[in-house]
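Colleague: The structure is given below, and queries will be raised subsequently.
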Amino acid sequence: LAQSLFALFASSLAISLVFAIIPLCHNVVVLAVVMAVAGLAMGCIDTISNMQLVKIYQKDSAIFLQALHFFVGFGALLSPLIADPFLSDTNCILSNSTANASSNLPHIRKSLVPHHPGNLSHYDLPMKGMVVTRVSYAFWIMALINLPVPIAVFFLLYKERMVPCFNGSSHPLLSADELAMETRPTEKEDLSTTVQRPRAAGGHDDLFSCCQSKNFRGASYTYFAVHITGALVLFMTDGIVGEYSGFIYSYAVEEPLSVVHKVAGYLPSLFWGFITLGRLISIPVSYRMKPATMVFINVVGVLITFLLLLIFSYSVVFLFVGTASLGLFLSSTFPSMLAYTEDILQYKGCATTVLVTGAGIGEMVLQLLVGSIIHDQGSYSFLVCGMIFGGLAFTFYAFLLFFHRMYPKPSSDMDGASPDKPAVMDDTGQYQR
């Protein structure tokens, strides 16, 4: 737990520093390096926060994962609103031809639709002159907004006596007894779960324990199959999130829909808005519904939505309805899949790392793939790609259900547990038998 919190502190602090530095980068190579550091920090935060919620709350983790990803969507919805007042509607470089260049910008945007790049040489955009832009303020404001996060993580480290230099006088936020209440077995809970929980709740496992080869010795093929198929489902669904939010605007402004640019600009916001709404709704729903059922509803809903978008591809109204529907169905897929897969694999946290990595790769690869296909085949291929990805997500989920049935269930006598030997706690809050 201490290693995870230190990694979260360093990563969240790095993000504030990166956002403060971005406006000062006047070289594209330096900017690329800075952005790579930001991506690395965000990947660490994503993986560690999901993994620790799973290891701490285990069977209750679905609710906390839904809450976590609600705030992910809320941030994605809120951050463009913060940046928008600082973005210019005209060219950012003033010269004698600025007036003419500004009037040409709508035509240039129209010409930059992916598969019709057009000839831009006749548009006169000044490349030299006085730069007038306030976009730097947006980055600095985001850096300040993020700054309380590393401060809060450091405060948690301090209160839990995990900071080497400041562990003398502080009192932990929760005593060992209170922490143990999270993992105390109920009367209805089987003993196999009781034995599994203390090790995860204690938080003393090494952060990289999942990578140790000893954990894979004697593992059945279904152990690896569950990891792979779970990661492939998220590869597809998170890839759909990335490619849909990235290209829905370009699809809408092209024929046959030819939506007005300003109206088409609302589509990505609508998509992320309903993702955020869906994650908020999923918090109470996940308390009543099993994660496996939620993932099934999600992947089937995505598949049906893309099918209807293809059927009603000439309807602007249904494009908005379908975008909202797609956001709702995709909203809870990631946290529900995490909870479901970790439930199969006894909450060791290793599956979380694999699934988060698979989702990140999918979000990157499918955007590149769809962008190149739209460029060559036209805008209609955007929906066809979504339909194919949705079908593959459903197929991989069916394989996951199959491997779940094949996966060996934990035995009730694991680690020498017996019904006449109840779990007790020592002074450190750890269970002993």
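Values in this text are rule-based calculations from the coordinates and carry no lab data. What you see is a predicted model; the values in this text were computed from it and never measured. Every residue, glycine as well, gets a Cβ built from its backbone with ideal geometry; the counts of neighbours run over all protein chains shown.
Colleague: At a 10 angstrom cut-off on C-beta neighbours, averaged per residue, how do the peptides 151-163, 318-330, 26-38 rank from highest to lowest?
Modeller: Details: 151-163: 16.4, 318-330: 21.2, 26-38: 11.8.
Averaged packing, sorted descending, gives the order 318-330, 151-163, 26-38.
Colleague: Once label points are set 7 Å from the Cα along Cα→Cβ at both residue 31 and residue 409, what is their separation, rounded to one decimal in nm?
Modeller: 5.8 nm
Colleague: How much length, in nm to one decimal, is gained on full extension between residue 24 and residue 364, taken as 0.36 nm per residue of separation minus their Cα-Cα distance?
Modeller: Gain on stretching residue 24 to residue 364: 119.8 nm.
Colleague: Still on this structure, I have one more. What FRET efficiency, computed as 1/(1 + (r/R0)^6) with R0 = 41 Å and r the Cβ-Cβ distance, is obtained for residue 402 and residue 136, rounded to the nearest 0.05?
Modeller: 0.20
Colleague: Through the Karplus equation 6.51 cos²θ - 1.76 cosθ + 1.60, θ set to phi - 60°, convert the phi angles of the stretch 271-278 into ³J(HN,Hα) values in whole Hz; use x for Gly and Pro.
Modeller: For the stretch 271-278, the Karplus-derived couplings read 4, 6, x, 7, 5, 5, 4, x Hz, x marking Gly and Pro.
Colleague: Report, to one decimal in Å, the Kirkwood hydrodynamic radius for the stretch 220-409 based on all distinct Cα pairs.
Modeller: About 16.9 Å, per the Kirkwood formula over Cα pairs.
Colleague: How would you order 351-360, 76-85, 252-261 from highest to lowest mean count of nearby Cβ atoms within 10 Å?
Modeller: 351-360, 252-261, 76-85
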